[in-house]
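The block underneath contains the structure these notes are about, expressed in structure tokens.
The values are calculated or read from the model by the stated rules, or taken from the named source; none is laboratory data. Just so you know, these numbers come straight off a predicted model, no measurement behind them. Here the Cβ is made from the backbone with ideal geometry for all residues, glycine too, and neighbour counts use every protein chain on show.
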Amino acid sequence: MTLAAGRHYLAIPGPSVMPDPVLAAMHRPAPNIYEGELVDMTATIAADLKRIAVTEHQVAIYIANGHGAWEAALANVCAPGETVLCCVTGRFGEGWAEMARGLGLVAEEIDFGLSSALDAGRIEAALREDRAGRIRAVLVNHVDTATTVRNDIAAVRAAIDAAGHPALLMVDCIASLGCDPFEMDALGADVVVAASQKGLMTPPGLGFLFFNERADAVQRANKVSGYWSWTVRARPEMFYQFFGGTAPTHHLYGLRTALDMLLAEGLEAIWHRHEVLSGAIWAAVDAWGQGGAMRLNVPRPEERSFAVTSVHLPEGKAEELRRFCSERLGVTLGIGLGRDPGVDYLRVGHMGHVNAHMVLGVVGVMEAGMAALSIPFGPGAGSAAAEVVARGC
Ligand SMILES: *Cc1c(COP(=O)(O)O)cnc(C)c1O
């Protein structure tokens, strides 16, 4: 039998749950792209995106997913043959490195494994060894969505500074922006990459590049295609230049509404909500693990993302449970990405438009699924999760 009728919860790490007001804002006829509301609104979007990234610097918007934003970031500041240092803490770090190679760059990788955050000491050592200053940029995922590791960006900034190296610090915040605490300028990030469909609660299709003066100076000395160049997009004289062509009209209405929701709640409150809700999931998994084989992929709490949580369940049980929850119980959990075998991991997305009842519902559903599938687990997960929520509100 199935109990899946009712509102389905897509608890994957992006696209995240799209708020009804965001969807409603998009449900309209096409607007004029030459004058009027859309043109006025877009300037406010750029300003408010900077508030979300906590930066006084520039933002360029691309009609692209996160991969497009990755490429845009590299294309602006790196030329073929140049070197980037890639700090890999999961599949998404690997993916950005592969994209760099595809652009003709030399991508040097430091692999920090699949269950722990980066070690800034190793980055500092690699930069110190680079006496010729070949490394143009250090690439870091703030959160790697596959392992659900969160990296300490302040430590990477400190490592670059300690080595006295001119490399730019480029941070992928696609999963973390609007979920995990992040302040671009305070952290000294030179380029920040983001996308619409995770913490920003808007359908996939918009990529964002935030960049500071240092990065802009490197960009000006580089040869960048007219389409990828962030220069005109960040300082357009004509409206179409924001997007290198026709505006992503409906996405912009959706994003405007999402930004209104985010700013009304406030960044501190958003970060707190994600911290408490992720803590509820972690408490549940810890309780289950007392009587079963499930465990959180990232053992150290301070290295876990507030946006998404990877859970290990051996012998293919993770995939079995994921399928059961999706088909019978109305919750779709994320697949285990970047693992061999992937069927031993699942990921719980708790990013964006997510509240206590949704997360406590996921805990209950996972437990019901494990019981139905005769997967052994320890007791008290629901109470443990509820207690975290109670303490956090
Ligand atoms: C989702 C994600 C990407 C890729 O974004 P797409 O929109 O799927 O291209 C890259 N990096 C991180 C950290 C992500 O979470």
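For region 126-138, indicate whether the set of residues that are in contact with a Cys (Cβ under 6 Å, 6 or more places away or on another chain) and of a type outside the set (Asp, Glu) is non-empty.
In the first step, residues of region 126-138 are kept if they are in contact with a Cys (Cβ under 6 Å, 6 or more places away or on another chain); the result is 136.
In the following step, the residues that additionally are of a type outside the set (Asp, Glu) were identified as 136.
Looking through region 126-138, at least one residue is in contact with a Cys (Cβ under 6 Å, 6 or more places away or on another chain) and of a type outside the set (Asp, Glu).
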Selection count, region 1-30, where residues are among the charged types (D, E, K, R) and part of a loop (DSSP other than H, G, I, E, B)
2
Looking only at region 198-231, count how many residues are within 11 Å of the ligand (Cβ to nearest atom) and surrounded by 23 or more Cβ atoms within 10 Å (Cβ to Cβ).
4
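Whether any residue in region 152-163 is within 11 Å of the chain's Cα centre (by Cα), surrounded by 24 or more Cβ atoms within 10 Å (Cβ to Cβ) and not acidic (Asp, Glu) is what I want to check.
The initial filter retains those residues of region 152-163 that are within 11 Å of the chain's Cα centre (by Cα), namely none.
No, there is no match, as no residue in region 152-163 is within 11 Å of the chain's Cα centre (by Cα), surrounded by 24 or more Cβ atoms within 10 Å (Cβ to Cβ) and not acidic (Asp, Glu).
Glu98: within 16 Å of the ligand (Cβ to nearest atom), part of a helix (DSSP H, G or I) and surrounded by fewer than 17 Cβ atoms within 10 Å (Cβ to Cβ), yes or no? Talk me through it step by step, then tell me what you get.
On the way: within 16 Å of the ligand (Cβ to nearest atom): yes; part of a helix (DSSP H, G or I): yes; surrounded by fewer than 17 Cβ atoms within 10 Å (Cβ to Cβ): yes.
In short, yes.
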Within region 44-66, can one find any residue that is over 30 Å from Glu237 (Cβ atoms) and either outside the structural domain of Leu296 (by the TED database) or of a type outside the set (Lys, Arg) (or both)?
no
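State yes or no: is Pro181 farther than 25 Å from Arg295 by Cα and either polar (S, T, N, Q) or not assigned by the TED database to the domain that holds Ala307 (or both)? Let's see the steps before the verdict.
On the way: farther than 25 Å from Arg295 by Cα: no; either polar (S, T, N, Q) or not assigned by the TED database to the domain that holds Ala307 (or both): yes.
Spelling it out, it is not the case that Pro181 is farther than 25 Å from Arg295 by Cα and either polar (S, T, N, Q) or not assigned by the TED database to the domain that holds Ala307 (or both).
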Inter-residue pairs, beta-carbon under 7 Å, first within 19 Å of Leu169 (Cβ to Cβ) and in region 191-205, second charged (D, E, K, R) and near the ligand (Cβ under 10 Å from one of its atoms), 6+ apart
Val193/Asp172
What single numbered condition from (1) among the hydroxyl-bearing types (Ser, Thr, Tyr); (2) in contact with a Phe, Trp or Tyr (Cβ under 6 Å, 6 or more places away or on another chain); (3) closer than 28 Å to Thr2 by Cβ fails to hold for Ser278?
(3)
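Considering only region 303-393, give the strands (runs of 3 or more DSSP E) lying wholly within it that have at least 1 residues that are under 29 Å from His142 (Cβ atoms) and either touching a Cys at 6+ places or on another chain (Cβ under 6 Å) or among the acidic types (Asp, Glu) (or both). Quick ask: steps written out before the conclusion?
Numbers: elements: 308-312, 331-335, 345-349.
Fully inside region 303-393 and qualifying: 331-335.
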Of the conditions (1) under 28 Å from Pro181 (Cβ atoms); (2) under 24 Å from the mean Cα position of the chain (by Cα), Arg322 fails just one. Which one is it?
(1)
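Which of the residues belonging to region 5-62 are on the phi > 0 side of the Ramachandran plot and touching a Gly at 6+ places or on another chain (Cβ under 8 Å)? Can you show your working first?
In the first step, residues of region 5-62 are kept if they are on the phi > 0 side of the Ramachandran plot; the result is 6, 14, 36, 54.
Answer for region 5-62, where residues must be on the phi > 0 side of the Ramachandran plot and touching a Gly at 6+ places or on another chain (Cβ under 8 Å): Gly6, Gly14.
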Among (1) among the polar types (S, T, N, Q); (2) touching a helix residue (DSSP H, G or I) at 6+ places or on another chain (Cβ under 8 Å); (3) surrounded by fewer than 20 Cβ atoms within 10 Å (Cβ to Cβ), Thr55 falls short only on (3)
Filter region 277-301 for residues that are over 20 Å from Thr145 (Cβ atoms) and either β-branched (Val, Ile, Thr) or part of a helix (DSSP H, G or I) (or both) and give the result.
Ala283, Ala284, Asp286, Ala287, Trp288, Gly289
Cβ-Cβ distance below 6 Å, separation of 6 or more or different chains: which pairs start in region 1-28 with a residue that is within 24 Å of Ser305 (Cα to Cα) and end on one that is hydroxyl-bearing (Ser, Thr, Tyr) and assigned to a loop (DSSP other than H, G, I, E, B)?
Pro13/Thr145
Would you check which residues across region 134-154 are out of contact with any Gly (no Cβ under 9 Å at 6 or more places or on another chain) and more than 11 Å from the ligand (Cβ to nearest atom) and list them?
Arg134, Ile135, Arg136, Ala137, Val138, Asp152
Regarding region 18-28, can at least one residue be identified that is within 16 Å of the ligand (Cβ to nearest atom), of a type in the set (A, V, I, L, M), at pLDDT 95 or above and closer than 29 Å to Val354 by Cβ?
yes
